[in-house]
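The values are calculated or read from the model by the stated rules, or taken from the named source; none is laboratory data. These figures come from a predicted structure and were not determined experimentally. Using ideal geometry, Cβ is built from the backbone for each residue, glycine included, and neighbour counts are taken over all protein chains shown.
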Amino acid sequence: MRTRYVSRVDVTPGETSTVNDTVTGDTTLTLVDSAHPDGRWRVTLENARWVKDVLVLPASMGVVVTTFLPRHGPTDLRILDLTGRELLRVPESAAETVRVEASPEGGHVAADVTFRDNAELPERGVIVFDLAKETQWTYPWRYGSDAEPVSWTLLSQGVLAVKLPDGTRRFDATGRKL
């Protein structure tokens, strides 16, 4: 991953920006593996986008990336396939991505998200993506509700295990309770 930027002030992660400080430049992602030491593919993000998280999926299924606009912008979610093509994007205007996790075999991805400024949506959720079927479902919750998890993890075959104070609930890759 390479980021080139131009700013009128020094951009230091974790510090607040100055008024009217704009950051421009590009970030290029390159997938390097032993068969392609110069890179299997390269993808350049839109101007001024920075990468927060990169998760290479097991079994060469692709890459999950969260990106943001400096300095403290909310993060989006992008799932790229083995060729670097964007399979899916959840823009930060729809949900801010907090954390991502892949299933052990790489065929499923889960994203812990915060839904913003929409009273019809829950405050938080875990979105589970089935990459082969190109489907998704969401485990939703509101803070303080019985559904608010203590933790969660994505297991084999896209099974979501949600730990609650009274026990663990498991859901299959379609969201059906097991």
Exercise for the section: Please work out which residue is surrounded by the most Cβ atoms within 10 Å (Cβ to Cβ), limiting yourself to segment 127-144 and to residues that are hydroxyl-bearing (Ser, Thr, Tyr) and closer than 19 Å to VAL159 by Cβ. Expected result: TYR139
Handout entry: Residue count for segment 1-11, restricted to those that are within 19 Å of THR67 (Cβ to Cβ) and either modelled with pLDDT of 65 or more or not charged (D, E, K, R) (or both)
Key = 6
Handout entry: Residue check for THR153: without any contact (Cβ under 8 Å) to a residue 60 or more places away in the chain and either assigned to a loop (DSSP other than H, G, I, E, B) or aromatic (Phe, Trp, Tyr) (or both)
Key = no
Practice task
Please find, within segment 12-32, the residue that is modelled with the highest pLDDT out of those that are surrounded by 13 or more Cβ atoms within 10 Å (Cβ to Cβ) and part of a loop (DSSP other than H, G, I, E, B).
Solution key: ASP21
Problem - Filtered residue count, segment 59-80, keeping only those that are under 18 Å from VAL43 (Cβ atoms) and either more than 14 Å from the chain's Cα centre (by Cα) or aliphatic (A, V, I, L, M) (or both) - result: 9
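Here is a yes/no grid of residues against (1) in a strand (DSSP E or B); (2) closer than 28 Å to GLU46 by Cα; (3) at pLDDT below 95:
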| site | (1), (2), (3) |
| --- | --- |
| THR83 | no, yes, yes |
| GLU101 | yes, yes, no |
| PRO104 | no, no, no |
| ALA110 | yes, yes, no |
| ALA119 | no, no, yes |
| PRO122 | no, no, yes |
| GLY125 | yes, yes, no |
| PRO140 | yes, no, no |
| ARG169 | yes, no, no |
Practice task
Please note which strands (runs of 3 or more DSSP E) are completely contained in segment 33-78 and include at least 1 residues that are surrounded by 14 or more Cβ atoms within 10 Å (Cβ to Cβ) and of a type in the set (S, T, N, Q).
Solution key: 63-68
Practice task
Looking only at segment 110-126, decide whether some residue is in contact with a helix residue (DSSP H, G or I) (Cβ under 9 Å, 6 or more places away or on another chain), surrounded by fewer than 22 Cβ atoms within 10 Å (Cβ to Cβ) and in contact (Cβ under 8 Å) with a residue 40 or more places away in the chain.
Solution key: no
